[in-house]
Structures are given as C-alpha cells and as structure tokens.
Amino acid sequence: MNFELTEEQEMIRDAARDFAQRELLPGVIERDENATYPTEQVKRLGELGFLGMLVDVEYDGGGMDAVSYVLAMEEISKVDASVSVIMSVNNSLVCWGVQKYGSEAQKQEFLKPMARGDKIGAFLLSEPEAGSDATSQRTTAVDMGDHYLINGIKNWITSGGTASTYLLIAHTHPEKKHHGINAFLIDSKLDGITIGPHENKMGMRASDTHSVMFNNVKVPKENRLGEDGQGFTIAMKSLEGGRIGIASQALGIASGAYELALKYAQERKTFGKEIFKHQAIAFKLADMAVEIEAARFFCLKAAWLKDQGKPYGQASAMAKLYAAETAMKVTTEAVQIHGGNGYVKEYHVERLMREAKLTQIYEGTSEIQKIVISRGLLA
C-alpha cells in the first residue's frame with residue numbers, strides 16, 4: 001500500500017485550497033445568510049478546471065483521477081459546501097453519466113460545455129414520492145415515435161434553476177418496473193418546463209435548490225441516454241460515484257470545523273491557560289482528529305478503487321456513511337469548543353454544523369447506505 005500522493009495530486013489539492021481561501025472565504029457568511037447563488041465563484045471553478053475534473057481531455061475535461069477529485073472536494077468543502085455540492089453534482093452525477101453512457105453526439109453537445117464550466121448540469125432523480133425509493137418514479141416519458149413526451153415533478157434539485165442541462169430519470173414502461181426506466185439529456189429552456197421557488201434550506205443555502213415541473217415537454221429521441229430501459233442502472237451507477245463526492249464533502253466540512261476549533265483552542269484562555277491545555281478540550285480534539293483521518297482513508301480507498309477499475313459501490317457507501325456521521329459529530333463538537341462564540345455566524349462553525357446535517361440525508365440517507373452495505377456483505 002502506498003499512502004503517498006503524487007506531485008500532481010498535491011498540486012491539485014493546493015490549488016483547491018488556495019481557491020477556497022482566497023476566493024470562497026470572503027463573503028461566504030453573507031452568501032449563506034442571504035441564500036445568494038455564488039455566480040462568480042462557480043465561474044472561476046470552471047475556469048480552474050474543477051467542474052470537469054473526471055472528464056477525458058478529449059472532451060475538454062481535466063482528465064484527472066478520482067483521488068485528486070477527493071482532495072479538491074475536501075479543500076473546497078472546508079470553506080463553502082454550497083459551492084462544492086455544485087461541483088460534485090456536475091462532476092459525479094452528470095458529466096460522469098454522459099461520458100460513460102452517452103453517444104459521441106451527446107458528448108459533443110452536452111459533455112464538453114459542462115466539462116469546461118460553460119454550462120452547469122443538474123441530476124433529476126428525486127420526486128415527492130421517490131426519494132430513497134428510486135424505483136417509484138412517477139415522472140413519465142411516453143415514446144411518441146420521433147420524440148418522448150415528459151410529464152412529472154422532480155424535487156430537491158441542486159442547480160435546478162441555473163443548470164442548462166438536466167439529466168432526468170423517468171418511466172417509459174411502468175409495467176416493466178425498474179427495467180422500464182430511462183435517462184434523458186434535456187435542455188432546461190425547453191417549452192413546458194417550470195422552475196419552482198428556491199428552497200429556503202437549513203444549510204448549503206447558497207446552492208440553487210428547486211423543484212422542476214414538466215408539462216408535455218418534447219424531448220428528441222436522440223436525447224435518450226444509454227439503451228432503452230437502462231435508466232435505473234445509469235442512476236444507480238452515477239450515485240455510486242456521487243457518494244464519493246458527498247463523502248469528500250462531508251470530510252471537508254468536518255476537517256474545516258476541526259481546523260477552526262484547533263486554532264480557537266490555542267487562542268482562547270480560561271483559568272489562566274489556553275483551553276487546549278484542559279484535558280476535556282484536548283481529548284475532544286483528539287477524537288475529532290482520529291475520526292477525520294479514518295473518514296479520509298474511507299474516501300481515498302473508494303476513489304482509488306474507482307481509479308483502478310475495481311468495484312467501488314460498497315466502499316463508496318461506507319465512505320459516505322462514515323464521513324457524514326463524522327461531519328455531524330465533529331461540527332457539533334467544534335461549536336461546543338467555541339462555547340458561546342460557536343453559536344454566532346462570524347466564527348463559521350455553526351454554518352458548518354448546519355451543512356453537515358445534509359450530508360447524512362442527500363444522495364442516499366445514512367440508513368440507505370447501511371442497506372447498501374448490508375446487502376454487500378452477502379454478495
């Protein structure tokens with residue numbers, strides 16, 4: 001086992017850290033408080049190549065490995081998880097799906113602009129009645145010969161109001177159950193698409209989350225992604241990689257909170273000495289450091305398996321479960337270590353605690369990850 005990063009991986013990590021500290025940290029509290037979409041920051045993310053990290057160079061991507069992706073996601077998530085979730089969805093769920101299953105024409109039309117960051121992608125799977133149970137799709141795609149007619153509602157869509165391209169999952173043959181589900185690449189400006197109100201969320205408030213409604217939307221036949229009936233497989237395989245992204249996000253939230261708590265503990269004094277010198281605080285920080293390191297290895301292992309072309313679904317579920325639970329515990333302790341200051345916005349840790357909670361919920365709740373892991377034990 002080799003635990004050393006390559007020179008290129010270290011450069012990518014350092015570039016992500018520099019971007020986060022110089023361009024994301026200023027204004028992050030105000031963007032969160034006002035739920036302001038980070039337009040300029042996302043544009044810069046694309047210019048730096050972070051929106052198409054995993055896409056082949058021939059399709060204008062970075063051609064980077066999944067380990068580099070984990071490193072970049074961690075650094076950006078330390079500062080602004082609203083930006084990192086946009087990065088994660090574009091990379092893991094949309095670009096990956098188009099590169100893996102798309103035709104050459106689809107890659108030219110849809111993948112290249114998203115890899116460059118000229119356009120943003122959104123992944124439309126969740127519905128009011130189909131969240132954790134992804135087989136219960138109510139959105140339909142009726143085959144009309146030369147096009148499909150889409151009707152239905154998708155909710156909790158990251159970048160729902162700003163994305164130019166939707167990767168949508170819908171039922172074409174309900175009688176075939178999950179074998180009758182298809183995936184489609186859809187221009188978000190097509191007639192019949194309505195964007196719902198911006199969700200007023202607890203955390204990651206600057207990310208653009210909406211419901212998206214489809215009323216007799218005509219989608220060209222050539223915009224179906226993959227083979228007929230392959231949509232459920234595309235969705236599940238995309239989520240396997242997506243879990244690596246969200247696990248890395250949770251890792252970043254945790255490590256960001258830990259770094260703030262460690263710094264504060266070395267500056268704040270009580271009873272005549274820095275609070276780090278009180279065993280109660282020192283032991284908290286020790287536990288936090290151990291759990292973060294374990295979460296980091298979970299994330300890196302899943303990414304390494306993906307890079308090696310080995311099965312990584314079980315590893316990504318473990319990474320997502322452990323990193324999300326770690327993020328919630330670590331951020332809660334970071335607030336505790338800050339005392340009263342942890343409860344106010346200017347110290348950042350209360351925001352990180354709110355953002356940590358979502359990592360236990362989206363792209364498969366912690367309970368769903370346990371189902372995935374337990375099934376894998378019997379494989």
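Quick notes
Residue by residue, here is whether (1) open to solvent by less than 20 Å² (accessible area, probe 1.4 Å); (2) closer than 21 Å to Val42 by Cβ; (3) touching a helix residue (DSSP H, G or I) at 6+ places or on another chain (Cβ under 6 Å) holds:
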residue	(1), (2), (3)
Leu125	yes, no, yes
Ser136	no, no, no
Ala163	yes, yes, no
Lys221	no, no, no
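Residue-wise test of (1) within 24 Å of Leu358 (Cα to Cα); (2) in contact with a helix residue (DSSP H, G or I) (Cβ under 6 Å, 6 or more places away or on another chain).
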{"site": "Ala289", "(1), (2)": "yes, no"}
{"site": "Cys299", "(1), (2)": "yes, yes"}
{"site": "Gly309", "(1), (2)": "no, no"}
{"site": "Ser316", "(1), (2)": "yes, yes"}
{"site": "Lys320", "(1), (2)": "yes, yes"}
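- Total residues in the range 44-65, condition in a helix (DSSP H, G or I) and over 15 Å from Asp80 (Cα atoms): 5
- Checked against (1) in contact with a helix residue (DSSP H, G or I) (Cβ under 6 Å, 6 or more places away or on another chain); (2) surrounded by fewer than 18 Cβ atoms within 10 Å (Cβ to Cβ), Met213 passes all but condition (1).
- Scanning the range 269-316 for residues that are under 19 Å from Ile246 (Cβ atoms), open to solvent by 50 Å² or more (accessible area, probe 1.4 Å) and of a type in the set (Phe, Trp, Tyr) returns Phe297, Phe298, Trp304.
- When the residues of the range 333-360 are filtered to those that are touching a Phe, Trp or Tyr at 6+ places or on another chain (Cβ under 8 Å) and among the β-branched types (Val, Ile, Thr), the one that is farthest from Ile244 (Cα to Cα) is Ile337.
- Test result for Lys237, outside the structural domain of Ala105 (by TED's automatic domain parsing) and in contact with a strand residue (DSSP E or B) (Cβ under 6 Å, 6 or more places away or on another chain): no
- Applying the criterion of being of a type in the set (Asp, Glu) and touching a strand residue (DSSP E or B) at 6+ places or on another chain (Cβ under 9 Å) to the residues of the range 138-187, the residue that is modelled with the lowest pLDDT is Asp146.
- Scanning the range 138-151 for residues that are under 18 Å from Lys177 (Cβ atoms) and either open to solvent by 40 Å² or more (accessible area, probe 1.4 Å) or assigned by TED's automatic domain parsing to the domain that holds Leu45 (or both) yields Arg138, Thr140, Val142, Asp143.
- Subset of the range 37-94 that is open to solvent by less than 10 Å² (accessible area, probe 1.4 Å) and of a type in the set (S, T, N, Q) - its residue that is farthest from Ile244 (Cα to Cα): Ser82
- Some residue of the range 28-35 being within 17 Å of the chain's Cα centre (by Cα) and either more than 21 Å from Lys320 (Cβ to Cβ) or touching a residue at least 12 places away in the same chain (Cβ under 8 Å) (or both): no
- The residues on offer are Ala319, Ala324, Ala356, and the sole one that is in contact with a Cys (Cβ under 6 Å, 6 or more places away or on another chain), surrounded by 21 or more Cβ atoms within 10 Å (Cβ to Cβ) and in the same structural domain as Tyr264 (by TED's automatic domain parsing) is Ala319.
The values are calculated or read from the model by the stated rules, or taken from the named source; none is laboratory data. All values reported here derive from a predicted model rather than from experimental measurement. Note that we place each Cβ from the backbone using ideal geometry, even for glycine, and neighbour counts take in every protein chain shown. We work out accessible area using only protein heavy atoms, side chains counted, and drop any ligands, DNA or RNA first. Shrake-Rupley method; radii C 1.70, N 1.55, O 1.52, S 1.80 Å.
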